[in-house]
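The values are calculated or read from the model by the stated rules, or taken from the named source; none is laboratory data. Keep in mind that what you see is a predicted model, and the values were worked out from it rather than measured. Cβ placement follows ideal geometry from the backbone for every residue including glycine, while neighbour counts extend to all protein chains displayed. We work out accessible area using only protein heavy atoms, side chains counted, and drop any ligands, DNA or RNA first. Shrake-Rupley method; radii C 1.70, N 1.55, O 1.52, S 1.80 Å.
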Amino acid sequence: MISRVSAVAKPVLFLLLLIALWDLSIRVFHVPPYLIPAPLDVIQVLIADWPDLFAQSVPTLSATLLGFVASAVIGIPLALLIVSSKTVEDYVYPLLVFSQSVPKVAIAPLFVVWFGFGLVPKVISAFLLGMFPVVVSAVQGLKSVDSDLLDLARGMEADRWQIFRMVSLPSAAPAIFAGLKVSVTLTVVGAVVGEFVGGNGGLGFVLQRSIGNFELPTMFAALVLLALIGVVLFWLVEWVEKLAIPWHSSQQKSFNQGS
Amino acid sequence: MTTAIELAGVTKTYRTKQGDVPSLRPVDLAIKRGEVVAIVGPSGCGKSTLLKLVAGLLPASGGAVQVNGAAVTKPHRDVGIVFQQALLLPWRSVLRNVMMPVEVKRLPEAEYLQRAHALLKMTGLSGFADKSPWQLSGGMQQRVAICRALVHDPEILLMDEPFGALDALTRETMNLDLLRIQAETGKTILLITHSIPEAVFVADRVLVMSERPGAIVASYEVDLPRPRNLDMMGDPRFAELARQVRTHFHTQGHLD
Ligand SMILES: Nc1ncnc2c1ncn2[C@@H]1O[C@H](COP(=O)(O)OP(=O)(O)OP(=O)(O)O)[C@@H](O)[C@H]1O
Ligand SMILES: [Mg+2]
């Protein structure tokens, strides 16, 4: 229990230290507030504008969550297809990598043209950023399943589905969760990108509006909320991971490396 | 019909991008039902390959593999396999690991659950059914793997250096356990090992393989009485057999 508390307390302490340094350097170097606002101003905005900021967080959070769920629900089966079929791997995987090199910010306006100003273009933007790490890590996890384990299962006359369910998927689970953790933070970015180009709501929209009006404290307040969303979602995925694969964290290294 | 395993002119060549790797020269071999046969040979000579052919995990390049008179073309239920590593799934308890073949083969759960418990008891693991694999020592893990190989009551036990990762003392205990299990169940056992004393101690017959591409170059009947005990390792006949087997490796170079 004590170690759990300190696991949360340590980064919080460090964050407080950073905020103190931020405040101190603004005072020492006389940084004007139109370049960087003081922490206290940001906190004031957070409190004063809380109802509005909270309301703006909701669409961002929805787009992030929907994008993340889509990344997982489409990414993992896609990885499975890539691993189980050489043809799919040869045709699809390179295209996927290619699609990742296209800057999302550049094509995000297209989604607005296609899908309007609602939630859909933001979800798509979040999904496009979030899916890639899921696919890559799931492919890597599924490909590095111990071949002896596969022989073991085949030797029991297991069919493909049984091998996947009993051996491959659990073996690849740690890698898949690593990908999901990267994905969840990227989907936040994706949602904000979507709001940049086609937004009349959401934290991304707040960001852009406050930059336009030189309301730096508001802008920083939005950034703080975005970071918070990212951290909380990351922790949630980690928590699910602990529930889903308890053997992974608790098993000793020596077991995997063979006795 | 009393032949459990029969290989007739079986060859194996692995086809790789770097070219062909001939791994088995024509092998002829017949193992009777209830017989314990040990195979020794230098590293990389094709022992695991031979075992995988019998298990149906690999197709032969030539010749015919038969188990209980039926041609082997794919994995089949007449064998249980024990590998060098225990290969227990860490996300399953000891009991669920032992029950895995039952699940895979969709056999009646209740009936085989009893069998699984009986096997765990026979191998001294009664209290560990609900433990996780990593909570067990290496020797215990390997015993779980043996239970798993036996749970669906196959006639043949295929073992690929099952005790190679264990220390010498644990290994002797495991050899005794294996002999006891064999005496109680009458299983046919094909045991691949790097240890000449282990081969002579456990087997009715010791086969010696040559360097890759492997072929069976010698066969020794072990006429030590059963049940065997560790004192027999001091028996002059035991020492003489072990010496004869060892000569093959000195003329070939090394065992491992
Ligand atoms: N999948 C494979 N592809 C290509 N060559 C292989 C493959 N598996 C094994 N070989 C080759 O076949 C030969 C026999 O391999 P095998 O694993 O049967 O040897 P072994 O006698 O079991 O060795 P060890 O005692 O080290 O376990 C080796 O030279 C190996 O390089
Ligand atoms: Mg081998």
Checklist outcome for this item: Checking B:LYS74, B:LYS47 in turn, the sole residue that is within 16 Å of ligand 1 (Cβ to nearest atom) and of a type outside the set (Gly, Ala, Ser) turns out to be B:LYS47
Checklist entry - Within segment B:122-131, is there a residue that is open to solvent by less than 30 Å² (accessible area, probe 1.4 Å), over 16 Å from B:LEU89 (Cβ atoms) and not in a helix (DSSP H, G or I)? => result yes
Checklist entry - Among (1) within 16 Å of ligand 2 (Cβ to nearest atom); (2) among the β-branched types (Val, Ile, Thr); (3) more than 14 Å from chain A (Cβ to nearest Cβ), which single condition is B:ILE31 missing? => result (1)
Next on the checklist: more than 19 Å from the chain's Cα centre (by Cα), hydroxyl-bearing (Ser, Thr, Tyr), more than 16 Å from ligand 2 (Cβ to nearest atom) and not assigned by TED's automatic domain parsing to the domain that holds B:GLN84: which single residue out of B:THR3, B:THR16 fits that description?
Outcome noted: B:THR16
Checklist entry - From the list A:PHE29, A:PHE54, which one is under 30 Å from A:PHE111 (Cβ atoms) and either surrounded by fewer than 17 Cβ atoms within 10 Å (Cβ to Cβ) or touching a strand residue (DSSP E or B) at 6+ places or on another chain (Cβ under 7 Å) (or both)? => result A:PHE54
Checklist entry - Within segment B:232-241, can one find any residue that is over 18 Å from the mean Cα position of the chain (by Cα), surrounded by 19 or more Cβ atoms within 10 Å (Cβ to Cβ), touching a residue at least 40 places away in the same chain (Cβ under 8 Å) and more than 27 Å from B:SER61 (Cβ to Cβ)? => result yes
Item to check | Residue, farthest from the other protein chains (Cβ to nearest Cβ), within segment A:129-151, restricted to residues that are among the hydrophobic types (A, V, I, L, M, F, W, C) and open to solvent by less than 10 Å² (accessible area, probe 1.4 Å) | outcome: A:VAL135
Item to check | Restricting segment B:48-90 to residues that are more than 10 Å from chain A (Cβ to nearest Cβ), assigned to a loop (DSSP other than H, G, I, E, B) and in contact (Cβ under 8 Å) with a residue 24 or more places away in the chain, the residue that is farthest from B:ALA8 (Cα to Cα) | outcome: B:ASP78
Checklist outcome for this item: Being surrounded by fewer than 15 Cβ atoms within 10 Å (Cβ to Cβ) and either over 29 Å from A:SER144 (Cα atoms) or free of Cβ contacts under 8 Å to residues at least 24 places away in the same chain (or both) narrows A:VAL92, A:VAL73 down to just A:VAL73
Item to check | Lone unmet requirement of (1) more than 16 Å from ligand 2 (Cβ to nearest atom); (2) under 30 Å from B:VAL10 (Cβ atoms); (3) among the β-branched types (Val, Ile, Thr) for B:ILE81 | outcome: (1)
Checklist entry - In segment B:9-41, what residues are within 7 Å of ligand 1 (Cβ to nearest atom) and either over 16 Å from B:ALA60 (Cα atoms) or among the small types (Gly, Ala, Ser) (or both)? => result B:SER23, B:GLY41
Next on the checklist: If I go through segment B:180-195 residue by residue, how many of them are within 16 Å of ligand 2 (Cβ to nearest atom) and either open to solvent by less than 10 Å² (accessible area, probe 1.4 Å) or modelled with pLDDT of 95 or more (or both)?
Outcome noted: 4
Item to check | Within segment B:91-116, tally of residues that are without any contact (Cβ under 8 Å) to a residue 24 or more places away in the chain and at the interface with chain A (Cβ under 8 Å from one of its Cβ atoms) | outcome: 3
